[in-house]
Structure formats: C-alpha cells, structure tokens
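Undergrad: Okay, here's the structure, questions in a sec.
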Amino acid sequence: MIKVAGLSKSFGSITAVRNVDLHVEKREIFGLVGPDGAGKTTLMRMICGLITPDRGEITLFGKSLAHIEKLKENLGYMPQRFSLYGDLTVMENIYFFGAMYNLDRKIITQRADEILELTSLIQFKDRLADKLSGGMKQKLALTCALVTRPDLLILDEPTYGVDPESRKEFWKILYRLNREGKTILVSTPYMDEAELCTKIAFIDRGRIVDTDSPAKMKEKFPYRILELRGALSDPSIIKDVPGVLDTYFYGDKFHLVIDNFHGCQERVVEGLGETGVSIESIKEIPPSMEDVFVSLAQKEEVV
Ligand SMILES: Nc1ncnc2c1ncn2[C@@H]1O[C@H](COP(=O)(O)OP(=O)(O)OP(=O)(O)O)[C@@H](O)[C@H]1O
C-alpha cells in the first residue's frame with residue numbers, strides 16, 4: 001500500500017527525515033512511534049504529497065506518488081492540528097470539507113450519517129464545533145477525513161492531548177475501520193497506542209530504528225527488567241551495580257535494565273541496603289513497549 005525508499009528531508013541545517021525505508025501492507029494498522037521532533041509529521045506529509053522530499057521514492061497503491069492524479073480521493077489525511085471551523089456545526093464542517101473534494105451535497109449527507117453513526121457523533125450533528133469536547137473534535141476531524149471514503153488513512157497523532165477514555169474510544173473506531181478494510185498509518189508518542197498497532201516503526205531523530213510487530217519487538221528485547229519500588233530519589237545510584245545497564249523512573253516505580261541477571265537482584269538489594277534505601281518490592285517483569293523504546297533510543301544515541 002505504501003512503499004518508501006531512501007527518503008530524506010532537511011529544513012536548513014535540521015535533517016527531519018534521514019534515509020527512511022518503510023513498507024506498509026494493505027489492511028495494516030501501522031504505527032509511526034517516536035518522541036516529539038522525531039520526524040513523524042514530515043514523513044507523513046511527504047507520503048501525502050504535501051512536502052517534496054530531498055531524496056527518495058514514494059509508491060502508493062503500487063504507483064509512484066508523482067504519477068497519481070486522484071490521490072486525494074483515496075487518501076484521508078488528518079493533520080496534527082486539524083482546522084475545524086468553530087462557528088460552524090458538525091454537519092456544516094463536514095459539508096465544507098466534502099465540498100472541497102467536489103462531492104455532491106446529497107452524497108456528503110448520506111456518507112456523513114454513516115460515519116457520524118460510527119464515530120457516535122450523530123446526536124451532535126447540529127452542535128457548533130467550538131462546543132465539542134477535545135475527543136469529539138478529533139472524531140469530527142476523522143469524520144471529515146473519511147468523507148471521501150479513502151482506502152488509506154494517514155493520521156498524525158490523532159489522540160494527542162485527548163483524555164484516556166476518549167483515546168480508547170478513538171482506537172475502537174480505528175479498529176472498526178480497519179476491519180472494514182481500511183489501511184491506517186498512524187503516528188503516536190504513546191506507548192499504549194503503539195501496542196495496538198499490527199506493526200510499528202520506531203522513529204528517532206529522523207531515522208527508523210526498528211520495524212516489527214509490537215509482540216516481536218518485545219520478544220527481541222535482549223535484556224531483562226527488574227521492577228523496583230522503594231524510597232529512592234535518585235535511581236542513578238544503582239547504575240554502578242554490576243549487571244545493571246540502565247535505570248529510570250516508570251510511573252511510581254523504577255525499571256532496571258539488566259544485561260547480566262546472575263546474582264544481580266541480590267547485588268541491587270545489598271547495594272541499596274548499604275546506602276540506607278528501603279525497598280518495598282523488587283521483582284522481574286516482562287519488558288514493556290516503553291522499555292523497548294528507551295533501549296532503542298539509547299542505542300541510537302551511541303551510534
Ligand atoms: N517547516 C519546517 N521548518 C523547519 N524545521 C522544521 C519544519 N518542519 C519540521 N521541522 C523540524 O524537523 C524536525 C522533525 O519535525 P516533525 O514535526 O516532523 O517531528 P514529529 O515527530 O512530528 O514531532 P511533533 O510531534 O513534535 O510534531 C524537528 O526538529 C522540527 O523542528
């Protein structure tokens with residue numbers, strides 16, 4: 001569905017995207033996962049044909065991007081800061097958006113009803129966009145992106161700043177759209193959302209660091225994780241314990257990345273005991289997606 005080869009883009013001295021290869025199969029929910037400024041937006045905009053790459057090739061639906069005439073109808077793009085008209089109602093926003101694609105008003109009405117049902121916005125049809133909650137605004141933006149009935153959806157951080165409940169709801173809609181046949185390329189800084197994708201590419205400082213399914217990424221993780229709860233203000237004091245590769249805050253706990261597990265837990269307990277830190281609990285846990293990403297990002301730093 002999407003093939004990207006050797007794609008690069010710089011803005012002055014900043015290289016936003018570096019030599020990126022990407023392959024998104026039909027009916028995948030493909031996540032571009034990475035921190036702020038990693039290059040996700042730039043990469044997506046190039047795929048949508050909104051920014052010209054400095055180098056590289058983009059193929060969509062089996063055709064070179066440069067040779068696709070009716071791309072817009074088949075591609076629904078939801079930018080990070082989607083502009084809705086606050087003084088127009090939900091329905092008026094959809095009409096406005098559909099009209100930009102020269103869609104007939106009757107067709108827009110018919111499609112809008114279907115999509116608003118799917119996004120549970122149907123009872124808010126006549127509400128001004130300004131009066132919608134953050135989550136509802138994002139759903140309306142998605143509704144607008146769907147009005148041309150595209151096969152491919154490109155969504156740039158669609159749940160950014162939205163409350164956790166609305167994020168879950170939004171993802172349920174994405175799953176439904178995917179079941180109905182849509183291919184979705186979605187960017188996110190959230191690790192829980194990364195887990196929901198069929199495949200992810202982790203992007204950091206413009207480079208794709210790894211691409212795989214979330215399960216495979218965790219399976220490939222070469223270290224083990226100890227989870228520690230305790231009255232520890234500075235986790236770096238454990239870093240010198242032999243076998244401990246890294247430590248970081250993880251919510252109200254700490255994660256210790258262990259490259260040599262043998263006797264390591266005992267050494268940590270002993271080491272902390274010597275510094276007077278009391279440990280509430282320490283146990284091995286399976287690596288989370290966040291652990292995988294912290295490790296991948298650090299590997300990148302070393303390169
Ligand atoms: N038009 C531009 N002019 C100059 N620099 C830019 C431009 N667009 C992006 N950049 C820079 O390119 C880098 C990648 O930005 P990009 O927006 O693609 O990242 P991102 O992963 O989408 O992050 P965010 O979620 O913060 O938008 C950043 O350093 C950004 O400041």
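Undergrad: Can you tally the net charge around residue 249? Count Lys and Arg as +1, Asp and Glu as -1, for every other residue whose Cβ sits under 12 Å from the Cβ of residue 249. All intermediate terms of the calculation are to be shown ahead of the outcome.
TA: Working: positive: 229, 253; negative: 227, 234, 246, 252, 290.
Residues near residue 249 contribute -3 overall.
Undergrad: Specify the inter-centroid distance of region 1-30 and region 282-298, based on alpha-carbon positions, in whole Å.
TA: The two parts, judged by their Cα centres, are 26 Å apart.
Undergrad: Still on this model: At a threshold of 8 angstrom on Cα-Cα distance, excluding pairs fewer than six apart, so keeping six or more, what relative contact order does region 118-217 reach in percent? If you can, show how the numbers build up before the last one.
TA: Details: 84 pairs, mean separation 22.2, N = 100.
Contact order relative to length: 22 percent.
Undergrad: Given 139/168; 63/137; 40/199; 139/182; 3/26, which pairs have Cα atoms separated by over 22 Å? Could you put the intermediate results ahead of the total?
TA: On the way: 139/168 12 Å; 63/137 33 Å; 40/199 15 Å; 139/182 16 Å; 3/26 11 Å.
Distance filter (> 22 Å) returns 63/137.
Undergrad: Quick one: accessible area per residue over the chain, 1.4 Å probe, rounded to a whole number of Å²? Walk me through the numbers on the way to the answer.
TA: Numbers: 15190 Å² over 303 residues.
For the chain, the per-residue accessible area is 50 Å².
Undergrad: Please work out the FRET efficiency for the pair residue 83 and residue 220, using the Cβ-Cβ distance as r and a Förster radius of 45 Å; give the result to the nearest 0.05. The partial results should precede the final answer.
TA: Details: r = 40 Å, r/R0 = 0.90.
It comes out at approximately 0.65.
Undergrad: Hey, can you grab everything whose amide H is under 5 Å from the amide H of residue 155? Only 5+ residues off in sequence or another chain; H modelled, so Pro and N-termini drop out.
TA: Residues meeting the amide H criterion: 78, 185, 186, 187.
Undergrad: Roughly how much of residue 172 is accessible, in Å² to the nearest 10, using a 1.4 Å probe?
TA: The accessible area of residue 172 comes to roughly 150 Å².
Undergrad: Another question about this same structure. Tell me the carbon and sulfur percent of the accessible area for region 2-213, rounded to whole percent, probe radius 1.4 Å. All intermediate terms of the calculation are to be shown ahead of the outcome.
TA: Numbers: 4850 of 10160 Å².
Ligands and nucleic acids excluded, carbon and sulfur give 48 percent.
Undergrad: So between residue 260 and residue 168, what do we pick up on full extension, going 0.36 nm a residue minus the alpha carbon distance?
TA: Values: separation 92, 0.36 × 92 = 33.12 nm, distance 3.75 nm.
Extra length from residue 260 to residue 168 when fully extended: 29.4 nm.
Undergrad: Quick one: if the Förster radius is 41 Å, what FRET efficiency do residue 14 and residue 269 give, using the C-beta to C-beta distance and rounding to 0.05?
TA: Working: r = 46 Å, r/R0 = 1.11.
According to the calculation, E is roughly 0.35.
Undergrad: To continue, here is another question. Zone of residue 279 (label point 7 Å along Cα→Cβ, backbone N under 19 Å): which residues in region 211-241?
TA: 224-241, by backbone N distance to the label point.
Undergrad: Show the residues, 5+ positions off or on another chain, whose built amide H is closer than 5 Å to the amide H of residue 203.
TA: Hits under the 5 Å cutoff: 33, 34, 209.
Undergrad: With springs connecting C-alpha atoms under 10 Å apart, model the chain as a Gaussian network and identify which of 161, 181, 263 has the largest mean-square fluctuation.
TA: Judging by the Gaussian network model, the answer is 263.
Undergrad: Among 20-30, 234-244, what's the highest-first ranking by average C-beta atoms within 10 angstrom per residue? The partial results should precede the final answer.
TA: Numbers: 20-30: 17.9, 234-244: 14.8.
With the highest mean Cβ count within 10 Å placed first, the list reads 20-30, 234-244.
Undergrad: Here is a further query. Could you work out the relative contact order of the chain, using alpha carbon pairs under 8 angstrom and six or more residues apart, expressed as a whole percent?
TA: Working: 542 pairs, mean separation 60.1, N = 303.
Relative contact order for the chain comes out at 20 percent.
Undergrad: In straight Cα distance, which lysines are under 18 Å from residue 253, not counting same-chain residues fewer than 8 positions off?
TA: Partners found: 239, 283.
Undergrad: What is the pair-distance distribution P(r) of the chain, computed from all Cα-Cα distances in 20 Å bins starting at 0, with each bin given as a whole percent?
TA: The calculated distribution, bin by bin, is 30, 48, 20, 2.
Undergrad: To the nearest 0.05, how large is the calculated FRET efficiency for residue 113 and residue 5 if R₀ is 41 Å and r is the Cβ-Cβ distance? All intermediate terms of the calculation are to be shown ahead of the outcome.
TA: On the way: r = 41 Å, r/R0 = 0.99.
The value I calculate is 0.50.
The values are calculated or read from the model by the stated rules, or taken from the named source; none is laboratory data. Everything numeric in this text was worked out from a predicted model, so none of it was measured. Here Cβ is always computed from backbone atoms with ideal geometry, including for glycine, and neighbour counts include all displayed protein chains. With ligands, DNA and RNA removed, areas are computed over all heavy atoms of the protein, side chains included. Shrake-Rupley method; radii C 1.70, N 1.55, O 1.52, S 1.80 Å.
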